[in-house]
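Worksheet for the structure shown next.
Each reported figure results from applying straightforward, stated rules to the coordinates on display, with no laboratory input. Since the model is a prediction, treat every value here as computed from it, not as a measurement. Cβ placement follows ideal geometry from the backbone for every residue including glycine, while neighbour counts extend to all protein chains displayed.
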Amino acid sequence: MSALLSARGLTRDFTVSQGLFKGRRTLHAVNGLDLDVVKGEVLGIVGESGCGKSTLARILLGLLPPTRGTVALDGRDIRELGRREMARRVQPVFQDPYSSLNPRRTVASIVALPLAVHGIGSSAERRRSALEMLERVGLPARFADRYPRELSGGQRQRVAIARALVMRPEIVVCDEPTSALDVSVQSQILNLLLDLQRELGLTYVFISHNLAVVEHIATRVAVMYLGQVVELSETAALFRDPRHPYTRALLASVLTPEPGLGIPDTGLGLAFPDPLNPPPGCPFHPRCPDAIGVCRVEMPPLVDTGHGVAACHVHAPPPAAARAA
Amino acid sequence: MTAAPILEVEGLSVDIATAGGTLHAVRDLSFAVNRGETLCLVGESGCGKSMTALSIMDLLPRAATRRARRLSFDGQDLSKGRGVEAVRGNRMTMIFQEPMTALNPAYTIGDQLTEGYLRHKGGAGSAARERAVLLLEKVGIASAGERLRQYPHQLSGGLRQRVMIAMALMCGPDLVIADEPTTALDVTIQAQILRLLGDLQKELGIALVLITHDLGVVARLAHRVAVMYAGEIVETATAEALFRDPRHPYTQGLISCIPVPGKTRPGERLGVIPGVVPSLVGDLTGCPFRTRCPHARAICAEEPPHRGAPDAHAWRCILEAA
């Protein structure tokens with residue numbers, strides 16, 4: 001498996017003002033993260049608000065420079081590639097189709113804009129490419145000269161997808177692409193994304209908080225917690241045999257439409273993650289039902305679980321600890 | 001169920017004046033909530049589920065008007081005069097979606113918890129604070145005494161929603177209406193809050209009307225379900241019957257749309273409901289779902305018949321079983 005997009009030691013800090021008298025603090029939104037995106041896969045990234053998944057998306061897109069660490073596309077540092085080259089090969093689809101489309105442009109000109117920026121083709125050719133791509137995402141030509149406000153949320157998200165694909169990128173980074181949509185529209189967009197992936201041989205990084213959606217679309221899943229990957233595995237294996245207690249809690253929280261099962265106990269306490277004050281040791285230990293002494297002082301490394309990697313002193317102990325035990 | 005329902009709604013309509021004409025957000029809705037049961041109102045954006053809740057509480061925005069043939073709480077008529085004021089916030093309370101905006105940032109948790117209690121129940125402030133501490137502990141908040149002196153911004157989203165729940169329970173209500181109470185929360189927090197809500201509903205024997213778009217929440221928490229589409233209830237059933245044997249084509253479509261780990265095959269095509277919701281501005285006659293329904297026929301332009309048994313599994317469709 002060679003990585004198409006590969007992140008090493010990625011850290012992104014933000015300085016956060018805490019109010020008039022409290023001074024400033026550093027927030028590690030992404031904290032020493034390694035990640036490989038393999039050609040042709042759908043890499044799901046799950047985690048809750050504040051875990052750094054959207055910051056990671058922006059770094060992978062080349063929209064935000066990391067504080068430390070590198071991102072390489074096909075082995076070349078993306079700082080060398082430059083923004084144009086990155087934009088040609090890696091494209092985004094964002095969550096909110098209401099704010100990610102320019103309200104003053106028509107649908108066709110929104111989709112054709114990336115081509116114009118890159119100086120590809122004549123204006124007529126660009127319009128033709130845009131119409132082709134719109135057709136492909138399920139928006140017939142009659143939508144071409146409409147404005148975003150005339151479209152429904154699902155139709156807008158189709159426009160955003162067409163805009164992302166008009167440059168024929170290799171990788172599409174989808175950041176919560178269906179979270180703002182109704183379920184009947186969500187299923188249309190998921191079907192479309194899967195069809196396009198097969199037809200165009202795309203690679204997706206698919207960020208979501210909805211595990212049922214991730215299970216459906218992703219081939220591998222990375223679970224993030226406070227800026228770090230705490231578990232990464234093939235999707236089916238992760239759902240069958242989750243190792244990290246946070247992954248287990250996330251899976252337990254999936255409410256499948258099965259009456260009579262009641263609401264599961266996640267086993268988590270009331271503590272909530274504060275990215276500004278990450279606890280020492282394993283960042284998850286204040287909420288973890290299985291935490292032991294070492295979890296409070298030592299950060300667990302990512303360890304091979306047989307079907308992936310997980311960072312947990314208890315459920316994925318490093319080999320040395322396993323021998324000692 | 002022998003006792004009379006705690007809430008009876010008959011022929012409820014909500015109209016909203018818009019620039020483009022009158023929008024009929026809720027159209028001739030009838031349902032009842034039995035004592036001690038959890039009824040879920042489920043539907044997608046714009047189906048009128050929140051407007052239904054707000055109209056029962058008489059909290060509609062100014063541009064909206066309500067009409068109802070009957071709107072009674074424990075036998076009392078809420079639609080006339082100031083009938084609602086004695087029960088709202090007292091025997092009938094509400095939990096809103098967004099605990100950050102539903103709580104006043106300028107007052108302490110304690111002030112907000114006790115305000116309604118003092119207004120409805122009177123008595124000393126100390127008694128109200130004692131009850132507030134009791135309820136904060138009941139919703140799982142430790143060191144409740146200290147929390148009373150804190151402000152909303154000092155609490156996480158999950159804790160704020162627990163405070164909202166405690167507030168809704170202060171006066172010992174018979175009915176709680178929760179409008180998407182966990183939609184703004186992370187999934188693990190959502191599970192915790194829903195579990196708490198379900199436990200409290202059982203323990204206290206309150207009737208709970210839960211408004212949600214999430215079929216998973218419906219299946220796990222509801223005794224009975226009312227599926228709403230375009231301002232109407234298109235199907236009602238027990239949660240068990242609704243998921244085992246959905247009758248209305250819209251309900252069937254909704255259920256087929258969601259991926260279910262372990263059931264739907266990864267990567268396979270999910271069900272879709274083609275088309276878009278009809279405009280609710282102006283008159284809408286016949287079955288509101290017919291423009292998107294795979295079974296639609298000419299006759300669907302007329303009012304669809306009521307099928308099934310009103311107290312058990314009922315739906316509105318030309319078909320006995322789609």
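If neighbour count is taken as other Cβ atoms inside 10 Å, put B:233, A:78 in order from fewest to most.
The most exposed by this proxy come first: A:78, B:233.
Pairs of alpha-carbon atoms within less than 8 angstrom and 6+ residues apart define the contacts here; what relative contact order does the range B:32-183 have, in percent?
31 percent
What is the distance in Å between the Cα centroid of the range B:14-73 and that of the range A:204-240?
39 Å
With r defined as the distance between the Cβ atoms of residue A:200 and residue B:240 and R0 fixed at 45 Å, what FRET efficiency is calculated, to the nearest 0.05?
0.55
With +1 on each Lys and Arg Cβ and -1 on each Asp and Glu Cβ, and nothing else charged, work out how big the dipole of chain A is about its Cα centre, in Debye to the nearest 20.
Here the size comes out at about 1180 debye.
Could you work out how far helix A:183-200 tilts from the main Cα principal axis of chain A, as a 0 to 90 degree angle to the nearest 10?
Once rounded, one gets 80 degrees.
Using a ≥ b ≥ c from the Cα gyration tensor of the protein assembly as shown (square roots of the eigenvalues), is it rounded, prolate or oblate, where a/c under 1.5 gives rounded and otherwise the larger of a/b and b/c decides, a/b for prolate?
In terms of gyration-tensor shape, oblate.
Viscosity 1.306 mPa s, temperature 10 °C: Stokes-Einstein D of the range A:116-166 from its Kirkwood Cα radius, in µm² per second?
Estimated diffusion coefficient is 141 µm²/s.
Please sort by residue number the trypsin sites (Lys or Arg not before Pro) in the range B:34-124 whose DSSP state is loop and whose Cβ has at most 11 other Cβ atoms within 10 Å.
B:62, B:80, B:82
What number, in percent, do you get for the relative contact order of chain A if the mean sequence gap of Cα pairs under 8 Å and at least 6 apart is divided by its residue count?
19 percent
Longer than 28 Å from Cα to Cα, which of B:121/B:202; B:49/B:80; A:53/B:49; A:53/B:138 are they? Say none if no pair is.
As for pairs spanning more than 28 Å Cα to Cα, those are A:53/B:49; A:53/B:138.
Go ahead and set up a Gaussian network model of chain A, Cα springs under 10 Å, then flag whichever of A:267, A:62, A:119 fluctuates most.
Among A:267, A:62, A:119, the largest mean-square fluctuation in the Gaussian network model of chain A belongs to A:119.
Under 5 Å between amide H atoms, partner at least 5 residues away or on a different chain: which partners does residue A:34 have, H built in plane at 1.01 Å?
A:9, A:10, A:229
Simple spin-label model, 7 Å along Cα-to-Cβ: residue A:80 to residue A:276 in nm?
4.1 nm
Which whole number gives the average, over all residues in B:207-220, of C-beta atoms from other chains lying within 10 Å of the residue C-beta?
3
Within 10 Å of each candidate Cβ there may be at most 10 other Cβ atoms; applying that plus a DSSP loop requirement, which GluC sites (Glu not before Pro) in the range B:227-288 survive?
Of the GluC sites (Glu not before Pro), the ones in loops of the range B:227-288 whose Cβ has at most 10 other Cβ atoms within 10 Å are B:268.
Ranked by Cβ crowding within 10 angstrom, fewest neighbours first, how are A:165, A:261 ordered?
Listed from fewest to most nearby Cβ atoms, that is A:261, A:165.
Determine the calculated [θ] at 222 nm for the protein assembly as shown from helices alone, applying -39500 (n - 2.57) to every DSSP H run no shorter than 4 residues and normalising by the residue count; nearest 500 deg cm²/dmol.
Taken over the protein assembly as shown, the calculation gives -9000 deg cm²/dmol.
If we count trypsin sites (Lys or Arg not before Pro) as exposed when they sit in a DSSP loop and have at most 12 other beta carbons within 10 Å, what is the longest stretch of chain A that avoids them all?
Here the longest segment lacking exposed loop sites spans A:105-325.
Work out the mean other chain Cβ neighbour count within 10 Å for the residues of B:62-71 and drop it here as an integer.
0
Tell me which aspartates and glutamates have Cα within less than 16 Å of residue A:39's Cα, excluding those fewer than 8 residues away on the same chain?
Residue A:39 reaches A:74, A:170, A:199, A:234.
Any idea what the relative contact order of the range B:265-322 is, in percent, if you count C-alpha pairs under 8 Å spaced at least 6 apart?
24 percent
Between the range B:165-220 and the range A:251-325, how far is it from one alpha carbon centroid to the other, in angstrom?
If we compute the Cα centre of each part, the gap is 27 Å.
Could you line up A:179, B:126, B:30 from fewest to most neighbouring Cβ atoms inside 10 Å?
B:126, A:179, B:30
Indicate the gyration tensor shape class of the range B:136-183 (rounded, prolate or oblate), computed on the Cα atoms with a ≥ b ≥ c the square roots of the eigenvalues: a/c under 1.5 is rounded; otherwise a/b larger than b/c is prolate and the rest oblate.
Judged from the Cα gyration tensor, the range B:136-183 comes out oblate (a/c at least 1.5, b/c at or above a/b).
Starting from the Cα gyration tensor of the range A:45-200, take the square roots of the eigenvalues, sort them a ≥ b ≥ c, and report rounded, prolate or oblate (rounded when a/c is under 1.5, otherwise prolate if a/b is larger than b/c, else oblate).
oblate
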